[in-house]
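Accompanying notes for the structure given below.
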Amino acid sequence: QVQLVESGGGLVQPGGSLRLSCVASGSIFSINNMAWYRQAPGKQRELVAIITKGGSTNYADSVKGRFTISRDNAKNTVALQMNSLKPEDTAVYYCNAFITSQPMGVSRAYWGPGTQVTVSS
């Protein structure tokens, strides 16, 4: 079994910062891409940022220059530093990772339960 658990969400004023963290645990042989998605009320889930095992990153246009994704391969964690937050960043943020549980096994996508981020004055 593999679990992803997010932390760090909350209420912040516009212009403020938050740092989200996600840790993967359980039967893990290797972790490939890790990512953060978000889903606002009434909208589809969208990719926010993604990072490869080697550290290459990509961001949604709406967060470029404000958000930074990072990972610690030794600790099986991924983080999202969010600066200059805007009300439109309000959403539930989900951690995603492609994980192989056994040598020669198949990589599967896993999701965390989500953490609420609310940007409001």
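All of the numbers you see were taken from the coordinates with simple rules; none came from a lab. Computed from a predicted model, the values in this text were never measured in an experiment. All Cβ positions, even for glycine, are placed from backbone atoms using ideal geometry, and neighbour counts span all protein chains on display.
Could you please report the charge total around residue 31, scoring K, R as +1 and D, E as -1 over all other residues with beta-carbon less than 12 angstrom from its beta-carbon? Could you put the intermediate results ahead of the total?
Working: positive: 53, 71, 75, 108; negative: 72.
So the surrounding residues net to +3.
Read phi for every residue in the range 74-91 and hand back ³J(HN,Hα) as whole Hz from Karplus 6.51 cos²θ - 1.76 cosθ + 1.60, θ = phi - 60°, with x for Gly and Pro.
Those phi angles translate into 6, 9, 6, 10, 9, 10, 9, 8, 10, 10, 6, 5, 10, x, 6, 7, 4, 4 Hz.
With θ set to phi - 60° and the Karplus curve 6.51 cos²θ - 1.76 cosθ + 1.60, what are the ³J(HN,Hα) couplings of the range 48-57 in order, to the nearest whole Hz, using x for Gly and Pro?
Using θ = phi - 60°, the values come out as 9, 7, 9, 9, 7, 4, x, x, 6, 10 Hz.
Please list, in chain and number order, the residues 5+ apart from residue 67 or on another chain whose amide H is under 5 Å from its amide H, with Hs placed from the backbone.
83
Give the long-range amide H neighbours of residue 90: residues separated by 5 or more places, or on another chain, with amide H under 5 Å away, using H modelled in the peptide plane at 1.01 Å from N.
Amide H to amide H, under 5 Å and 5 or more residues apart or across chains, residue 90 pairs with 119.
For the range 17-121, divide the Cα radius of gyration by the Kirkwood radius and give the resulting Rg/Rh value with two decimals. Could the numbers behind the result be given before it?
On the way: Rg = 13.9 Å, Rh = 14.2 Å.
A ratio of 0.98.
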